[in-house]
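Contents: one structure, followed by commentary.
The values are calculated or read from the model by the stated rules, or taken from the named source; none is laboratory data. All values derive from a computational prediction rather than experimental measurement. Positions of Cβ are generated from backbone atoms using ideal geometry, with glycine treated the same way; all protein chains shown enter the neighbour counts.
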Amino acid sequence: MTSRKTLAAFAVLSTAALTTGVCAQQASAGPLAFAQLQEASITQATQVTDALGTASGGFYLDNGKAVVTVLDDAAAKTVRDSGLTAKKVAHSFAALTGAKNALDGIGAAPQTAWGIDTSTNQVVVTVFGAASPATAKKVTEAAGRLGDSVRVEHEAGRLELHIADGDAIRNSTNRCSLGFNVKRGGQPYLLTAGHCTNLGGTWSGGDVTGARIVESDCPGADSGLLTRPNGTGPGRINTGQAITRAAAPRVGERIQKQGSTTGGGGGTVKSVDQTVNFDVGVLRHEFGTSAHTDHGDSGGPAYDGSTGLGTLSGGNSTTSYFYPLTLELQSYGLTLA
């Protein structure tokens, strides 16, 4: 199950190792109330879209409220009767997934990414400035063959995974950080990014000393699991925000993040089921966000109120990609601490 190719790593944030109180204002009533609004909207919209099946293109959030995309008037009426907003589109979510999977079949394409944006009813292909002309041509031509279900965007800069010196948790040569405290079989563990654990060694930081690598999966996935030798850690962000559940991210969802370089902050989910072609390997099923991250933030948590969403993989100056927490918990048989 484990892939152990060494990747350059984007440093990981430990919810246990961070200094208490950083960005503590994020746990105030305003953001929490908005997180509760989003959670209720997601729950209701999920039920409606599941019932509609292929008559829907999925849903997204607009200022915390769900907009359900539909293919016909009958489905639109069903959505409106449920109290939600309906928007007619051309492509079902299944069709968008098919287009995304077709792009997955083109082979290696470093410095490009693609994923589903339900707000525009398209698969969004991003070609970064560091992509070679041949790669950009290959990806653009493949997108063109899929018609209006796909659009191509160009973004400056280089898509990177990063490592930086400093604190948080680290092995003998590199810094990484913890995303979430978790348990398996009643034992405590630290969940982080796989491109960090691929670096080997034992890890220390904060109240953690001599943490050993138990699982390391990257590329493909981006998950890593470390022992927690000193006992159970708290199931909360360093702001004091408790993390009590995990859920799939949704386009338009406002999130919070933490990172050992950039600290706290927020952003919006821009796409889901992302395939991200880093120079050193392909990561799948990521979600793209507008959150600002930088060298030293890797593995840090993305969350929405008390809901954990994922751990940071990497990005560039304007887009950050996270690996879904739900997949990490499922893959390793984990529960939240």
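Filtering ALA90, ALA86 for residues that are assigned to a loop (DSSP other than H, G, I, E, B), hydrophobic (A, V, I, L, M, F, W, C) and at pLDDT 95 or above leaves a single hit, ALA90. Quick one: would you say SER313 is surrounded by 24 or more Cβ atoms within 10 Å (Cβ to Cβ), closer than 21 Å to ALA156 by Cα, outside the structural domain of ALA143 (by TED's automatic domain parsing) and in contact (Cβ under 8 Å) with a residue 60 or more places away in the chain? So SER313 passes the test.
If the condition is being modelled with pLDDT of 95 or more, part of a loop (DSSP other than H, G, I, E, B) and among the small types (Gly, Ala, Ser), then the stretch 169-226 contributes only ALA221.
Selection of first residues in the stretch 66-85 that are outside the structural domain of GLY53 (by TED's automatic domain parsing) and without any contact (Cβ under 8 Å) to a residue 12 or more places away in the chain and of second residues that are assigned to a strand (DSSP E or B) and buried (at least 23 other Cβ atoms within 10 Å of the Cβ), restricted to Cβ pairs under 8 Å at least 6 apart or on distinct chains, gives an empty result. Picking from residues in the stretch 111-126 that are among the polar types (S, T, N, Q) and closer than 13 Å to VAL67 by Cβ, the one that is surrounded by the most Cβ atoms within 10 Å (Cβ to Cβ) is THR118. For the stretch 300-322, filtering for residues that are more than 16 Å from GLY240 (Cβ to Cβ) and in a loop (DSSP other than H, G, I, E, B) leaves 5.
The set of residues from the stretch 56-83 being surrounded by fewer than 17 Cβ atoms within 10 Å (Cβ to Cβ), part of a helix (DSSP H, G or I) and not acidic (Asp, Glu) comprises ALA74, LYS77, ARG80. Right, VAL272: touching a residue at least 60 places away in the same chain (Cβ under 8 Å), crowded, with 21+ Cβ neighbours inside 10 Å and closer than 21 Å to VAL123 by Cα or not? Considered against the rule, which asks whether it is touching a residue at least 60 places away in the same chain (Cβ under 8 Å), crowded, with 21+ Cβ neighbours inside 10 Å and closer than 21 Å to VAL123 by Cα, VAL272 comes out as yes.
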